[in-house]
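What follows is one structure encoded as structure tokens, with my remarks underneath.
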């Protein structure tokens, strides 16, 4: 299976990565070669096999329902590329 | 003559405790070595000499009182994927070029608790994605080893390439690494050092920048397994802040060194005899079997039938997770922002400018295999094959105690010999990826030099949480191999 320019552009849009036209072509070739290589998994019989989500070594655990962290607004905001007071700023999204 | 650059971590620890050397002296000698050699090697992204000197001074005061943890006064390097409070942490990416974490990762906090002195943050492949340390936004790392008759710059392996190079060249006494599909073991093999990828869940992932969360595992890299054992004991442990952390006691790994391998059953997976691997790799593997047999182990052939599907399964599972994990770098809350009139435009421009080519490629493939219409065919199928790969290992371990394999299909290659086809590059991890998929622990020890004079490693793979048997078997190989070679570029060699 070969990924055409339209497909690569659609994937890039989903991933929110802006691509230059020449990148669409080279990345498309690389991606096609990788996707073709992973196609070999189709030959494995997976009937009745459960998907492995994690290693299953850690068990889900409960803890007391109380606040254990917080009150560190300035720390959280300390790496903001742009901010106004205690807010992150972004281009206008609501008209 | 024996000098300050001949110390291993263990011998430095003993000399510090005995007050034969001060932490300040030891730290200064390493800072000096970094200044002399790292302009060429590029193993550090950020150096922290002032903080290191302060920490060493404090360590000396503690040691003078006869106190101090297992790493008190020991100079280490930290892979720049671990968040360090107040010290820039980049993941070798432009998108985090100015990121200063306001908190400490659990693994580095554990090392600091035990008195370690951090010399700085070590280079890696961008977001730990690579096998040659060629994808860093801060430039490639040079392997301190050279081929016999050539001055070509060799790669140190990856993704923990800076960690490997710094340890091998004597710039640090040990380093942290992370391993998602081989990122500790393959660079360890390429640079003639030891490295352990512990069981998934052994070391906390809290504060370690995520690549593929179901695979990422921190581990130690050092000159030998004794040093790795000391580091692992400090790094490991349950952490309520990581939901995949496992609450199980931490053994004194160092004691496992002397256990020996008498009666140990060592499995040789027949599927690892892959076509096209160099004869000297195969020969070294045979040599490893002979060493373990001579030390009293029994060699048994085993089968891991789904081995050949390890890499393709990995590249679906890991890239899917990466595409999700790296969604957070959007130019809003942290990292580099490139302005645009719309919010989506801002995301697209920031991510286009901030990520390198390999990271983009991997995010796009991960996005594709998770996208509507492809999820079942790729991602879900890969997760099922992953179950089969894990079952292969669990079945093998009903019959044997450890598995012995080569670590990598070649020695270090030159920077300009990098394959242009990404799939060829991925084949570097052919022997390391399956253990990562299963979550079982594995290590690499240096075992010899190839015909061109560069180091080769052997890999041992063990049962869940049985790092001790790995260390015992690995130490038997260390003793038999007596690998005392040093790279061309080393702190102990005066220019």
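We did not get these values from a lab; they are worked out from the coordinates using the rules stated. Small disclaimer: the values here were computed from a predicted structure and weren't measured. Quick reminder, even Gly has a Cβ in these numbers, built from the backbone with ideal geometry, and neighbours come from all protein chains shown.
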Please find the FRET efficiency linking residue B:273 to residue A:93, where r is the Cβ-Cβ separation and R0 is fixed at 45 Å, and quote it to the nearest 0.05. 0.20
Where Rh denotes the Kirkwood radius from the mean inverse Cα pair distance, what is Rg over Rh for the protein assembly as shown? 0.96
At 1.002 mPa s and 20 °C, Stokes D of region B:108-175 from Kirkwood alpha-carbon radius, µm² per second: 168
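Within the P(r) computed for chain A, what percentage of the Cα pairs occupies the region above 19 Å? Numbers along the way, then the final one.
Values: 3251 of 4465 pairs.
Taking all Cα-Cα pairs of chain A, the fraction more than 19 Å apart is 73 percent.
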With all distinct Cα pairs included, what does the Kirkwood hydrodynamic radius of region B:290-425 come out to in Å, to one decimal, could you say? 18.6
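Calculate the mean, over all residues of peptide A:58-71, of how many other protein chain Cβ atoms lie within 10 angstrom of the residue's Cβ.
2
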Return the average number of partner chain Cβ atoms within 10 angstrom of each residue Cβ along peptide A:32-44. 6
Neighbouring partner chain Cβ atoms per residue of B:384-393, average, 10 Å criterion: 4
How would you order B:160-171, B:383-394 from highest to lowest mean count of nearby Cβ atoms within 10 Å? B:160-171, B:383-394
Order B:420-427, B:264-271 from most to least packed using the mean count of other Cβ atoms within 10 Å. B:264-271, B:420-427
Which order do the peptides B:250-257, B:308-315, B:83-90 take when ranked by the mean count of other beta-carbon atoms within 10 Å per residue, highest first? B:308-315, B:83-90, B:250-257
Rounded to 0.05, the calculated FRET efficiency for the beta carbons of residue B:394 and residue A:64 at R₀ = 35 Å is 0.50
For chain B, report the translational diffusion coefficient in µm²/s to the nearest whole number, using Stokes-Einstein at 37 °C, 0.692 mPa s, and a Kirkwood Rh over Cα pairs. 147
If the elastic network links every pair of Cα atoms under 10 Å, which of A:55, A:26, A:68 fluctuates the most in the Gaussian network model of chain A? A:68
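For region B:1-113, what does the equivalent ellipsoid look like in terms of its semi-axes, each the square root of 5 times an eigenvalue of the Cα gyration tensor, given largest first in whole Å?
One finds semi-axes of 26, 18, 11 Å for region B:1-113.
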What is the distance in Å between the Cα centroid of region A:31-81 and that of region B:277-305? 35
